Amino acid sequence: MLERYAQDLASLAARGRLRALASRAGLDFASNDYLAFAESPELAAAVTTALARGVPVGAGGSRLLRGNHPEHEALEEDAARFFGAESALYFSGGFTANEALLSTAPQREDLILYDALAHASAHEGMRLARAPNAKFRHNDVGAAEDAIRAWREQGGTGRIWIVVESLYSMDGDKAPLDDLHALAARSDAFLLIDEAHATGVYGPGGRGLAARFEGAENVVTLHTCGKALGVAGGLLCLPRVLRDFMVNRCRSFIFATAPSPVMAACVCAAIKIIEAADDRRAELMSRIDFAGAELRRLCAIEPSGSQIQPVIVGADIRATTLASRMQAYGYDIRAIRPPTVPNGSARLRIALTLHASQDDVARMIAHLGEELARLEP
């Protein structure tokens, strides 16, 4: 009965792709807690305060039944106001929110056009969607425009949903949002921008790289709460009519137990904390600049320019070997292999966070340079 699963796992192991859970160990160069808020006293106090005023831990049901709590509604009002959107809708996670939108909003006559490096959550949403989909080369706005033109010439009559990330989670590069927004405007398209790795870190008050586009009727943004904000959940910021459509048509909203009201209260607190965190953002930007210069000097690696730095080594075994050696020095750095990244592009994903000082970064990059020189071809 279980042989097929055992065989699949054995095949993964033979290719160096078997995953296993590993506990936290060493200096944090792996998490998405970029501003080091997840374990902060400020957020611990927010939990204590919410519990003290009687906010329940569990919702007890879906939001269309008894699970809708004033904390959910307060969060959505605060989030819409903070990010500059007409409305917001809170989900238990960013993956769930992205999947929910793409599986619900695009209609049969529409086309979902996605960047080749779009997140797995977008792919899962597209798998469940009624609309067909097509991809375009990463960050290539011309290729996206060509795909739109070809679809129209073939008789496509619906709306187009352009799906991108503002900051890509495995490459650390930024999307050309101005050009994409202009393309969406002249193509009568929606632009869905996943701000997961930008929220809290970039933009005025940490509002993200897409802050200037928020509130437009053809723009939907996703703000993940479990990264720089240090809490949990995902917020879709979108026009009110789309929010109402999601409440009425989205199966993963209608039939799921609502997120924890305590967590909703904590996300509210996190938004206020993050807005005032210019000092932490400046410190992280300084860390990014320093790391970039050291990567060029010691590793001959061109930096990404963000807090996410890939070190692409190609073969899976080279990535896992290099990760093991860096972990032996006391750095929590993980190998990323296909299918998470394209074949032949296995890598280390180094995340810069305020959990590691500038001196820690300097030592890590010095060791990285040494180990890259030792790595078997």
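The values are calculated or read from the model by the stated rules, or taken from the named source; none is laboratory data. No experiment lies behind these values; they were computed from the predicted model shown. Neighbour counts run over all protein chains shown; Cβ positions are idealised from the backbone, glycine included. Just the protein is used for accessible areas: all its heavy atoms, side chains included, with ligands, DNA and RNA removed. Shrake-Rupley method; radii C 1.70, N 1.55, O 1.52, S 1.80 Å.
Working only within the range 292-302, note down all residues that are over 15 Å from His367 (Cβ atoms) and open to solvent by less than 30 Å² (accessible area, probe 1.4 Å).
Passing the criteria: only Gly292.
Under the condition of being of a type outside the set (Gly, Ala, Ser) and touching a Gly at 6+ places or on another chain (Cβ under 6 Å), which residue from the range 223-243 is nearest to His72 (Cα to Cα)?
Cys225
Any idea which of Ile317, Ile308, Ile312 is touching a residue at least 24 places away in the same chain (Cβ under 8 Å), open to solvent by less than 30 Å² (accessible area, probe 1.4 Å) and of a type in the set (Val, Ile, Thr)?
Just a single option satisfies the conditions, and that option is Ile308.
Just to be sure I understand, how many residues within the range 212-222 are closer than 16 Å to Asp78 by Cβ and in contact with a Phe, Trp or Tyr (Cβ under 8 Å, 6 or more places away or on another chain)?
2
Could you tell me which of the residues Ser23, Ser62 is in a loop (DSSP other than H, G, I, E, B) and at pLDDT 95 or above?
Ser62
Inspect all residues belonging to the range 47-55 and state whether any of them is touching a residue at least 24 places away in the same chain (Cβ under 8 Å), open to solvent by less than 50 Å² (accessible area, probe 1.4 Å), touching a helix residue (DSSP H, G or I) at 6+ places or on another chain (Cβ under 9 Å) and not in a helix (DSSP H, G or I).
Scanning the range 47-55 turns up at least one residue that is touching a residue at least 24 places away in the same chain (Cβ under 8 Å), open to solvent by less than 50 Å² (accessible area, probe 1.4 Å), touching a helix residue (DSSP H, G or I) at 6+ places or on another chain (Cβ under 9 Å) and not in a helix (DSSP H, G or I).
Out of the strands (runs of 3 or more DSSP E) lying entirely within the range 272-377, which hold 2 or more residues that are of a type in the set (D, E, K, R)? Lay out the reasoning, then the answer.
Numbers: elements: 308-314, 334-336, 346-351.
Once the strands (runs of 3 or more DSSP E) in the range 272-377 are filtered for at least 2 residues that are of a type in the set (D, E, K, R), what remains is 346-351.
Since Leu35 meets every condition but one in (1) open to solvent by less than 30 Å² (accessible area, probe 1.4 Å); (2) in a helix (DSSP H, G or I), which condition does it not meet?
Failed condition: (2).
Any residue that is surrounded by fewer than 23 Cβ atoms within 10 Å (Cβ to Cβ) and more than 30 Å from Lys272 (Cβ to Cβ) - is there at least one of those in the range 77-90?
no
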